[in-house]
Amino acid sequence: MSSINGKMNSRDRVLAALAGGKVDRTPVCNPTSVVTVELMDLVDAPFPEANRNPELNARLAATGYTELGFDSISPYFTGIHESAALGCDIQWEQKDNWPTVVINPIWDHPDNIKIPPGFLEHKDALTIVRSIEILAQNFKKEVAIVGKTFGPWTLGYFTFGVQNFLLMSIDDPEMTKRALDKLKEISVIFGEAQIAAGADVLTFPDHATGDLVSGEYYRRFLLELHQEMAERLDVPLILHTCGYTLDRLDSIAQSGMASFHFDSKNDPAEAVKIADGKIGLVGNINNPVTLYSGGPEQVRDEVNKCMEAGVNMIAPECAIPLATRLENLMEIPKAVREWTERN
Ligand SMILES: [Zn+2]
């Protein structure tokens with residue numbers, strides 16, 4: 001294990017935590033975006049261009065490590081890259097707003113699901129792969145590079161439409177399973193390309209969230225499929241699901257994923273209890289109230305609460321609002337270090 005002054009470097013720290021091993025302190029590892037308008041200005045890499053140009057993308061992503069002091073770099077800021085390459089329309093927006101997938105169904109039946117030839121060569125898929133190559137070259141294994149590939153449930157929302165996909169899951173569970181089986185190959189292809197480019201870890205967002213589907217749905221449609229993803233993708237996976245998830249966390253803990261990125265709607269101590277060491281946890285600093293509207297003191301209180309609970313890696317609960325103040329973000333690693341010194 002490489003070390004700096006006898007301490008672990010950021011990459012070693014994240015990978016050790018994901019493997020359930022010993023760490024010199026709890027890593028601050030963001031599975032989703034921590035970029036802000038302020039960071040875009042600082043390195044002259046604004047949205048939307050920073051989502052379409054690998055050099056700008058890498059430059060902006062690196063600020064999570066170089067400016068904020070996190071132990072990871074996550075270059076996939078949004079939810080658009082594989083969907084754009086599949087042929088979905090993208091609303092590119094301006095500097096102060098997220099590009100999003102325009103939910104205008106491209107498929108309506110499992111038989112229609114086709115990965116277009118040249119999917120990985122599409123400009124918008126390639127941006128992330130190339131950016132990871134640049135980051136891997138520049139940072140020489142000193143920081144964890146976290147790629148991202150969307151799971152089949154979320155891809156179903158993007159390509160079938162949220163309503164249509166949820167209706168299909170009620171009307172025809174078998175057809176839904178067939179669709180998921182085909183959609184999961186997109187997750188694998190995009191994930192493997194990022195691993196080959198140098199990603200150390202992949203975030204795997206799959207939004208079977210409590211706001212939309214029941215815990216029973218997770219067991220029926222996704223548990224086995226997530227186990228398969230954890231076997232096929234050859235890096236530690238971090239499952240990301242927004243919203244309330246404590247009612248399905250015992251199933252998620254059996255998914256074989258290395259960690260679960262969880263929302264502040266879930267109490268950290270309860271989550272640690274249910275996860276019971278079967279899966280790591282990363283989170284769950286609140287975005288709208290704490291990081292966006294609060295100050296460093298509120299951030300510190302929440303970090304301390306997660307540290308007391310034994311959350312394995314500390315991070316914002318989801319992609320942070322683009323107008324979040326840097327002092328609030330920088331308070332996360334600061335509070336983690338100070339908690340560690342006190343304990
Ligand atoms: Zn989220």
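The values are calculated or read from the model by the stated rules, or taken from the named source; none is laboratory data. All figures in this text were calculated on a predicted structure; none of them were measured in a lab. Counting neighbours? That spans all protein chains shown, and the Cβs are built from the backbone with ideal geometry, glycine included. Ligands, DNA and RNA are excluded from the accessible area calculation, which covers all protein heavy atoms including side chains. Shrake-Rupley method; radii C 1.70, N 1.55, O 1.52, S 1.80 Å.
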- Identify the residue in the range 152-178 that is in contact (Cβ under 8 Å) with a residue 60 or more places away in the chain and open to solvent by 10 Å² or more (accessible area, probe 1.4 Å) and, among all such residues, is nearest to Y76 (Cα to Cα). F158
- Query: If we scan the range 297-309, do we find a residue that is in a loop (DSSP other than H, G, I, E, B) and open to solvent by less than 30 Å² (accessible area, probe 1.4 Å)?
  - Reply: no
- Top-ranked residue in the range 314-330 [being assigned to a loop (DSSP other than H, G, I, E, B) and more than 16 Å from the ligand (Cβ to nearest atom); ranked as surrounded by the fewest Cβ atoms within 10 Å (Cβ to Cβ)]: A323
- Out of I132, I128, report the one residue that is in a helix (DSSP H, G or I) and touching a His at 6+ places or on another chain (Cβ under 8 Å). I128
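Only one residue in D96, D71, D41, D89 is closer than 21 Å to L239 by Cα and either open to solvent by 10 Å² or more (accessible area, probe 1.4 Å) or in contact with a strand residue (DSSP E or B) (Cβ under 6 Å, 6 or more places away or on another chain) (or both), so which one is that?
Just a single option satisfies the conditions, and that option is D71.
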- Please indicate, with yes or no, whether at least one residue in the range 142-151 is open to solvent by less than 20 Å² (accessible area, probe 1.4 Å), touching a Lys or Arg at 6+ places or on another chain (Cβ under 8 Å), under 21 Å from T78 (Cβ atoms) and in a helix (DSSP H, G or I). no
- How many residues are open to solvent by 20 Å² or more (accessible area, probe 1.4 Å) and not in a loop (DSSP other than H, G, I, E, B) if we restrict to the range 257-286? 5
- Out of D211, D181, D234, which single residue is open to solvent by 20 Å² or more (accessible area, probe 1.4 Å) and not in a loop (DSSP other than H, G, I, E, B)? D181
- Message: Any residue that is within 13 Å of the chain's Cα centre (by Cα) and either surrounded by 23 or more Cβ atoms within 10 Å (Cβ to Cβ) or within 15 Å of the ligand (Cβ to nearest atom) (or both) - is there at least one of those in the range 243-256?
- Response: no
- Task: Mind counting the residues in the range 114-148 that are touching a Cys at 6+ places or on another chain (Cβ under 7 Å) and more than 19 Å from N30 (Cα to Cα)?
- Result: 0
- Exactly one of H226, H240 is more than 16 Å from the ligand (Cβ to nearest atom), modelled with pLDDT of 95 or more and surrounded by 20 or more Cβ atoms within 10 Å (Cβ to Cβ), and that one is H226
- Query: In the range 288-313, what count of residues is obtained for those that are under 20 Å from the mean Cα position of the chain (by Cα) and either closer than 15 Å to E38 by Cβ or within 16 Å of the ligand (Cβ to nearest atom) (or both)?
  - Reply: 5
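Do we find a residue being of a type outside the set (A, V, I, L, M) and under 21 Å from N112 (Cβ atoms) anywhere in the range 190-197?
Checking the range 190-197: at least one residue is of a type outside the set (A, V, I, L, M) and under 21 Å from N112 (Cβ atoms).
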- Residue set S83, S33; condition open to solvent by less than 20 Å² (accessible area, probe 1.4 Å), polar (S, T, N, Q) and under 30 Å from E308 (Cβ atoms); output residue S33
